[in-house]
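Peer 1: Please see the structure below; I have some questions.
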Amino acid sequence: MADREALLQSEALLRTMIKSLPVDFWARDLDGRVILQSDRSMDFWGDLRGSDPEDSRFDEATLAIWRENNRQALLGDTVQGDVTLSPRNGQKRLFHNVVAPIRDEEGIRGVLGMNLDITEMETQALALQESERRYRQLVDFSPLPILVHAEGRVVFANPAAARTLAAPSAEALVGLDALAIIHPEGRNLSRERMEQVYAKRGDAPLMRQRFLRLDNEVIDVDLLTAMVDYQGRPAAQAVFVDVTARQTAEEALLRAKEAAEAASRAKSEFLANMSHEIRTPLNGVIGMIQLLRATRLDPEQAFYAETAQDSSRHLLTVINDILDLSRLQAGRLTLRPTVCDLEDLARQVFGSFTSHIRENRVTLTLDLDPALPNPVVCDAARLRQVLFNLVGNALKFTEQGSVRLEIAPLPSAGPDLRIYFCVTDTGIGIPEDKLVEIFESFTQVDGSLSRRYQGAGLGLSIARHLVSGLGGSVSIDSEPGQGTTVAFSIRAEPLDITPPAPETPRFEPLPRRAAPESGTRAPRVLVVEDDRINQMLFRRLLEKMGLRTACASNGREALNLLEREDFDCLLMDVQMPGMDGVTATRAIRASETLGPKAQVPIIALTAHAMRGDRERFLEAGMNAYLSKPVDFADLARVLGEVLDAKAPA
């Protein structure tokens, strides 16, 4: 009895185990009826127990497979293979099918069958094959050369790599020492990179490398190496591109850039030197004329002095135009917006041509639109320069008649303010074929040696560049014999304030400082200047201002004098032989023997007028900066500020 119960329990356990199998498992008797079925099988086919191979629930193809498998199994064969069957949901699935006979001592008693659903596995395998095929196509047809090397040997190469390395085929590269394609000068570094990648310490960054092709030609490549696995081994995938032509072009471009920079430096140095060599004597000329005009002159003498001063300032304008053109062409001109009274600025421009108007039969008129907001915020200095060039150009080519300047606001839908300027003259006009090139540098309508109207041909070119920087554009219309109209606009910002009082006229007699109180001594100024005429000019000027002076010819002399004597201020020229002004200033500021005198105020006096000069001088320790030719009213103002700031409270 106990044996029977144990047998029943064993049978029940076996049936439970079979039913719980995670595969499609079933058994049939000799008549083909299903006598055992796993739960997974029921999910696929439904409950088949008691059914026979002719069950009408299945399609003919599935039934045909079952019949054939049963027949072979009953003959004693084990059938195994992949078959496509249609479960009860009607969707075809791929199964790995195994059918075998059930045997005991008496022989074959039935058939066991198992179906393993491999649909997803097959789909994934097909997808993998397709992916591999596409990857292979991408690699084979890639224009980028690709190499894979493991243990120092090339294990894969694509056709592009073969072409780049002058190999007959990609297969010819397989087995090659990976270092053999590296130029000898870079092999040590490449060996370190290979070891790094093989050890899986990270990809190698993009770098420029020299390769040695199979035909011994050296090429430059950009190389990127990444870690990969190749058949279970650590390997490196190298992707590279031949940049030999680009490298050659880059080297040529670099040489051209260096040559251009050298030319630019030479140009800047030439302009700086020319600025110094021209401005220094011009400072003496203009300064002496100003000193002369500050004396008692009869009307004829005053006229001669004024004419000489106008000519000197015209020469200064040409020099400034050349320097400005250099800055503009290099994109180095910085705009500095300030409060600008447009009417006052226009009248200042007109005042520059007083003698010209007096000598010629030309009227100069200003037409201001009543709706014009004034003052405004813009770069007044550059706007003055534009108007000076355009009005001066109009007056030069108008022997009789009129020149009119019109200023008006332009309609604007937004908050921006745009101001319209128009200079109209009744002069000789410009031929139509010259209108296109008239704004080019050094271009004149009449370029012959016998031309009647002289000039450098820079005014309109500079005006065009400046107007562009001010946010506008220039247009010109002209008719030979009738006159010319030049119009432009700029961007500005309105400012609702009372305009400042007009500046003191530029050529008033030189200001004199108040006499020192009884018992006090006048401030003492050291003029450090190598030019003898400028030494005399500054001494006379400072003495007229009530100041005491001394002179030094270079920075070394200034240091020696400062060691022995006391000064309240130094006027320091920048370019001097022996020790220049910048070096002298740094030496004074760093001196440990001068004591408090090391902080004496220093005003830079320089004929340099290039971009960055002011910042360079102030960085050296100078307190202020004045460019030659010096405006003596500005000099008096700066001296007053410096000396007043130095005085005890």
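The values are calculated or read from the model by the stated rules, or taken from the named source; none is laboratory data. The shown structure was predicted, so the numbers you read here are calculated from the model rather than taken from an experiment. With ideal geometry, Cβ positions are generated from the backbone for all residues, glycine too; neighbour counts draw on all protein chains shown.
Peer 1: Given the residues 407, 430, which is the only one that is surrounded by 15 or more Cβ atoms within 10 Å (Cβ to Cβ) and modelled with pLDDT under 85? Lay out the reasoning, then the answer.
Peer 2: On the way: 407 fails: modelled with pLDDT under 85.
From the options 407, 430, the qualifying one is 430.
Peer 1: Only one of these conditions is not met by residue 109: (1) closer than 18 Å to residue 24 by Cβ; (2) of a type outside the set (Val, Ile, Thr); (3) part of a strand (DSSP E or B). Which number is it?
Peer 2: Here residue 109 meets the rest and fails (1).
Peer 1: Among the residues of the stretch 67-91, which ones are β-branched (Val, Ile, Thr) and outside any loop (DSSP other than H, G, I, E, B)?
Peer 2: Of the stretch 67-91, the ones β-branched (Val, Ile, Thr) are 78-79, 83-84.
Residues satisfying the conditions are 79, 83, 84.
Yes/no matrix, rows are residues, columns are (1) loosely packed, with under 13 Cβ neighbours inside 10 Å; (2) more than 24 Å from the chain's Cα centre (by Cα); (3) in contact (Cβ under 8 Å) with a residue 24 or more places away in the chain:
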site: 207; (1), (2), (3): no, no, no
site: 212; (1), (2), (3): no, yes, yes
site: 224; (1), (2), (3): no, yes, no
site: 232; (1), (2), (3): yes, yes, no
site: 237; (1), (2), (3): no, yes, yes
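Peer 1: Something else about it: Any idea which of 364, 395, 372, 387 is part of a strand (DSSP E or B) and modelled with pLDDT of 80 or more? Write out each step before concluding.
Peer 2: Details: 395 fails: part of a strand (DSSP E or B); 372 fails: part of a strand (DSSP E or B); 387 fails: part of a strand (DSSP E or B).
Matching residue, one of 364, 395, 372, 387: 364.
Peer 1: So, residue 64, is that one outside any strand (DSSP E or B), of a type in the set (A, V, I, L, M, F, W, C) and either surrounded by fewer than 17 Cβ atoms within 10 Å (Cβ to Cβ) or modelled with pLDDT of 80 or more (or both) or not? Show your work before the answer.
Peer 2: Details: outside any strand (DSSP E or B): yes; of a type in the set (A, V, I, L, M, F, W, C): yes; either surrounded by fewer than 17 Cβ atoms within 10 Å (Cβ to Cβ) or modelled with pLDDT of 80 or more (or both): yes.
Yes.
Peer 1: Working carefully through the options 474, 445, find the one that is crowded, with 16+ Cβ neighbours inside 10 Å and at pLDDT below 50. Don't jump to the end; show me each part of the working.
Peer 2: Numbers: 474 fails: at pLDDT below 50.
Selected residue: 445, the only one of 474, 445 that is crowded, with 16+ Cβ neighbours inside 10 Å and at pLDDT below 50.
Peer 1: Let me ask another. Quick one: which of 180, 167 is assigned to a loop (DSSP other than H, G, I, E, B), in the same structural domain as residue 238 (by TED's automatic domain parsing) and over 37 Å from the mean Cα position of the chain (by Cα)?
Peer 2: Numbers: 180 fails: assigned to a loop (DSSP other than H, G, I, E, B).
It is 167.
Peer 1: While we're here: Before we move on, is residue 75 under 28 Å from residue 49 (Cβ atoms) and surrounded by fewer than 13 Cβ atoms within 10 Å (Cβ to Cβ)? Give the derivation first.
Peer 2: Working: under 28 Å from residue 49 (Cβ atoms): yes; surrounded by fewer than 13 Cβ atoms within 10 Å (Cβ to Cβ): yes.
For residue 75, the condition - under 28 Å from residue 49 (Cβ atoms) and surrounded by fewer than 13 Cβ atoms within 10 Å (Cβ to Cβ) - is met.
Peer 1: Only one residue in 80, 72, 137 is of a type outside the set (Ser, Thr, Tyr) and at pLDDT below 80, so which one is that? Write out each step before concluding.
Peer 2: Numbers: 80 fails: at pLDDT below 80; 72 fails: at pLDDT below 80.
Within the list 80, 72, 137, the selection yields 137.
Peer 1: Okay, next question. Just to be sure before I move on: is residue 440 assigned by TED's automatic domain parsing to the domain that holds residue 361, of a type in the set (Asp, Glu), touching a helix residue (DSSP H, G or I) at 6+ places or on another chain (Cβ under 9 Å) and modelled with pLDDT under 80 in the structure I sent?
Peer 2: yes
Peer 1: Being among the aliphatic types (A, V, I, L, M), at pLDDT 90 or above and out of contact with any helix residue (DSSP H, G or I) (no Cβ under 6 Å at 6 or more places or on another chain): is that true of residue 570 here? Walk me through how you get there before you give the answer.
Peer 2: On the way: among the aliphatic types (A, V, I, L, M): yes; at pLDDT 90 or above: yes; out of contact with any helix residue (DSSP H, G or I) (no Cβ under 6 Å at 6 or more places or on another chain): yes.
Yes: the conditions hold for residue 570.
Peer 1: Got a sec? Which of 397, 421 is buried (at least 17 other Cβ atoms within 10 Å of the Cβ), among the aromatic types (Phe, Trp, Tyr) and under 38 Å from the mean Cα position of the chain (by Cα)? Give the steps one after another, and end with the answer.
Peer 2: Details: 397 fails: under 38 Å from the mean Cα position of the chain (by Cα).
Of the residues listed, the single one that is buried (at least 17 other Cβ atoms within 10 Å of the Cβ), among the aromatic types (Phe, Trp, Tyr) and under 38 Å from the mean Cα position of the chain (by Cα) is 421.
Peer 1: Let me spell it out: the conditions are (1) touching a Ser or Thr at 6+ places or on another chain (Cβ under 6 Å); (2) surrounded by 16 or more Cβ atoms within 10 Å (Cβ to Cβ); (3) not hydroxyl-bearing (Ser, Thr, Tyr), and residue 632 meets all of them except one. Which number is the exception?
Peer 2: Of everything listed in (1) touching a Ser or Thr at 6+ places or on another chain (Cβ under 6 Å); (2) surrounded by 16 or more Cβ atoms within 10 Å (Cβ to Cβ); (3) not hydroxyl-bearing (Ser, Thr, Tyr), residue 632 misses just condition (1).
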